[in-house]
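The block underneath contains the structure these notes are about, expressed in structure tokens.
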Amino acid sequence: MGRLNPLVGLILPAIFLVLWWYITDIAHLLPVNQFPTPGRVWNTGLQLFNNGELFRHITVSLGRVLAGFAIGAVIALLLGTLVGLFRPVERLADPFLQALRNVPSLAWVPFLLLWMGIDEPPKITLIAIGAFFPVYLNLVSGIRQTDRKLVEVGYIFGLKPFALIYRIVLPAALPYLLAGLRIGLGQAWLFLVAAELIASTRGLGFMLIDAENSSRPDIMLVAIITLAVLGKLCDWLLQLAERWLLRWTDTFKGR
Amino acid sequence: MSSLLTIEGVSKSFSGSQIFNDLNLAVEAGEIISLVGKSGCGKSTLLRLVAGLDPVHAGQVRVNDLPITAPGRQVGLMFQEPRLFPWLNVRDNVAFGLSPARKSSKDNVVAGLLEEVDLTDSAKLLPRQLSGGMAQRVALARALAGEPEVLLLDEPFSALDAFTRMRLQDLVLKVWHDYRPTMLLVTHDIEEALYLSDRVVVLGEKPAGVQEIIEVKLPRPRNRNDVQLLELRGQLLAELS
């Protein structure tokens with residue numbers, strides 16, 4: 001199998017677009033006031049883009065995602081390293097964290113709103129919670145997957161515990177950490193919408209709820225498509241970083 | 001004057017079964033010693049004790065008269081598998097072994113070691129791009145980078161094909177000639193033991209002690225088909241059967 005043109009990834013969206021257009025615009029199988037045509041959504045999108053509204057919502061949402069993701073990931077990095085390295089810390093902290101992990105995201109919302117008000121802090125906190133767990137869980141299992149034989153090489157060369165961690169354990173856990181970061185970033189977008197749907201005056205989630213209130217499915221679809229594209233772009237950036245940082249791995253890359 | 005490496009009255013057991021009982025061995029500076037014995041007799045365990053990776057239950061291992069209680073720079077260990085860090089290229093894997101004192105002249109030292117194991121052109125390769133023999137050469141250079149007085153080799157060539165193994169045996173002799181480490185080699189290859197070492201130590205059945213020591217008083221480089229080597233080979237086989 002030679003190298004495939006990455007543009008093949010656009011084939012499915014294109015087919016989807018044609019089907020959508022056929023169903024709504026040609027065959028009229030769905031009521032247009034509930035399911036707008038691609039042309040309608042395109043025009044609405046263009047309009048929102050030109051008057052700057054879309055851009056404003058994107059900046060707000062993107063800012064929240066990045067802030068929440070950064071906070072959640074950094075805390076996960078610290079806690080995950082401690083829990084992964086030290087069994088007593090694991091005994092102490094892991095049951096509590098696992099219990100918190102099982103709280104559905106929306107359950108946090110009322111509490112966070114009551115506690116932190118309706119401004120940025122509750123939203124960023126919620127996103128941080130969402131990003132935290134995948135990073136934490138993956139890092140802990142990554143550390144635990146470190147080849148004991150490599151750690152032994154560190155012992156042989158008399159490495160101090162701190163050097164052992166950053167020269168052997170963390171590099172060995174890097175593939176897991178990066179997988180965790182990618183999932184965490186996805187979760188951050190998920191929790192962003194959860195936060196913005198409930199209490200906000202700006203952002204893509206607000207766009208959705210506002211469109212619901214004014215019965216504008218075309219605006220909703222603009223928001224949804226924007227979320228899909230932004231999420232994909234963010235993941236793509238991390239994927240690039242991953243590919244570069246993990247160029248040493250000797251694993252099956254698929255056929 | 002005492003020996004460079006002394007193993008004195010060492011006993012060790014693993015989950016109830018005793019592996020060594022009162023094992024004694026003295027190794028002089030610059031000597032090459034091979035440890036042979038039946039599979040599972042604890043040859044590798046003995047190396048781990050000398051390296052300070054596992055504790056002894058009785059007795060003492062001393063290097064330069066200082067007891068070994070934990071891994072330290074004076075003893076280097078090369079494993080059966082290369083155990084290279086897959087995220088570091090050849091050069092950085094070798095540099096990993098450098099003692100802090102040599103960090104300042106890092107580039108020169110590493111270049112010298114790569115030259116020694118004939119890997120200068122492969123400095124930038126990643127472990128996944130190396131053949132088994134190349135990887136073991138990197139591991140050897142990394143072990144040397146720590147300037148160990150005692151170099152322990154745990155069946156380092158057992159996974160390699162016969163030709164590569166012979167080339168690496170000669171490389172070990174070259175390294176020994178250039179750096180003069182004291183070497184303790186665990187092997188199951190009798191020819192290898194006789195070709196390389198000054199003395200071949202046969203470990204007995206569990207709980208093992210030294211069963212026999214065969215001296216190889218032949219100058220190096222040796223001819224692998226030397227009549228005397230073949231004679232000693234017969235003697236060794238008799239000890240092991």
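The table for this structure:
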item	result
Elements of type strands (runs of 3 or more DSSP E) contained in region B:5-119, each with 2 or more residues being within 14 Å of chain A (Cβ to nearest Cβ)	B:75-78
Sole residue being in contact with a Lys or Arg (Cβ under 9 Å, 6 or more places away or on another chain), touching a residue at least 12 places away in the same chain (Cβ under 8 Å) and closer than 30 Å to residue B:100 by Cβ, chosen from A:158, A:154	A:154
Condition broken by residue B:30, with the remaining ones in (1) within 22 Å of residue B:179 (Cα to Cα); (2) modelled with pLDDT under 90 satisfied	(2)
Residue within region B:50-70 that is surrounded by fewer than 18 Cβ atoms within 10 Å (Cβ to Cβ) and among the β-branched types (Val, Ile, Thr) present	yes
Flag if residue A:224 is touching a residue at least 60 places away in the same chain (Cβ under 8 Å), within 30 Å of residue A:34 (Cα to Cα) and away from every other protein chain (no Cβ under 14 Å)	no
Close pairs (6 angstrom Cβ cut-off, 6 or more residues apart or separate chains): within 11 Å of residue A:140 (Cα to Cα) and outside any helix (DSSP H, G or I) in region A:74-87, hydroxyl-bearing (Ser, Thr, Tyr) and open to solvent by 70 Å² or more (accessible area, probe 1.4 Å) anywhere	none
Region A:123-161 - residue that is small (Gly, Ala, Ser) and within 10 Å of another protein chain (Cβ to nearest Cβ) and, of those, farthest from the chain's Cα centre (by Cα)	A:158
Candidates B:238, B:159, B:193 - the one that is among the small types (Gly, Ala, Ser), in a helix (DSSP H, G or I) and in contact with a helix residue (DSSP H, G or I) (Cβ under 8 Å, 6 or more places away or on another chain)	B:193
Check on residue B:128, touching a Gly at 6+ places or on another chain (Cβ under 7 Å), of a type outside the set (Asp, Glu), outside any loop (DSSP other than H, G, I, E, B) and within 14 Å of chain A (Cβ to nearest Cβ)	no
Filtered residue count, region A:114-164, keeping only those that are under 20 Å from residue A:187 (Cα atoms) and surrounded by fewer than 18 Cβ atoms within 10 Å (Cβ to Cβ)	3
Test: residue in region B:159-166 that is within 14 Å of another protein chain (Cβ to nearest Cβ), over 15 Å from the mean Cα position of the chain (by Cα) and more than 24 Å from residue B:40 (Cα to Cα)	no
Among the candidates A:170, A:238, A:178, A:164, residue that is away from chain B (no Cβ under 14 Å) and assigned to a helix (DSSP H, G or I)	A:238
Where a residue in region A:107-127 is in contact (Cβ under 8 Å) with a residue 12 or more places away in the chain and its partner, wherever it lies, is β-branched (Val, Ile, Thr) and in a helix (DSSP H, G or I), with Cβ under 6 Å and at least six apart	A:109/A:198; A:112/A:125
Only listed residue being surrounded by 14 or more Cβ atoms within 10 Å (Cβ to Cβ), of a type in the set (Val, Ile, Thr) and more than 27 Å from the chain's Cα centre (by Cα), chosen from A:65, A:18, A:74, A:89	A:89
Residue match in region A:95-103 (condition: open to solvent by less than 30 Å² (accessible area, probe 1.4 Å), at pLDDT below 95 and farther than 21 Å from residue A:209 by Cα)	yes
Extreme residue, farthest from residue B:169 (Cα to Cα), among residues of region B:204-225 that are surrounded by 15 or more Cβ atoms within 10 Å (Cβ to Cβ) and at pLDDT 90 or above	B:214
Failed item in (1) of a type in the set (Gly, Ala, Ser); (2) surrounded by fewer than 19 Cβ atoms within 10 Å (Cβ to Cβ); (3) in a helix (DSSP H, G or I), with residue A:215 passing the rest	(3)
Pair list, Cβ under 8 Å, 6 or more apart: region A:8-35 residue in a loop (DSSP other than H, G, I, E, B), other residue surrounded by 10 or more Cβ atoms within 10 Å (Cβ to Cβ) and of a type in the set (Gly, Ala, Ser)	A:33/A:215
Residue among A:231, A:184 that is closer than 24 Å to residue A:43 by Cβ, open to solvent by less than 30 Å² (accessible area, probe 1.4 Å) and under 15 Å from the mean Cα position of the chain (by Cα)	A:231
Inter-residue pairs, beta-carbon under 7 Å, first more than 22 Å from residue B:169 (Cβ to Cβ) and of a type outside the set (Ser, Thr, Tyr) and in region B:22-43, second modelled with pLDDT of 85 or more and open to solvent by 40 Å² or more (accessible area, probe 1.4 Å), 6+ apart	B:23/B:210; B:24/B:8; B:24/B:210; B:25/B:210
Residue match in region A:197-211 (condition: more than 30 Å from residue A:52 (Cβ to Cβ) and in contact (Cβ under 8 Å) with a residue 40 or more places away in the chain)	no
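The values are calculated or read from the model by the stated rules, or taken from the named source; none is laboratory data. Given the structure is predicted, the values throughout are model-derived calculations rather than measurements. Positions of Cβ are generated from backbone atoms using ideal geometry, with glycine treated the same way; all protein chains shown enter the neighbour counts. Surface accessibility is based on the protein's heavy atoms, side chains included, excluding ligands, DNA and RNA. Shrake-Rupley method; radii C 1.70, N 1.55, O 1.52, S 1.80 Å.
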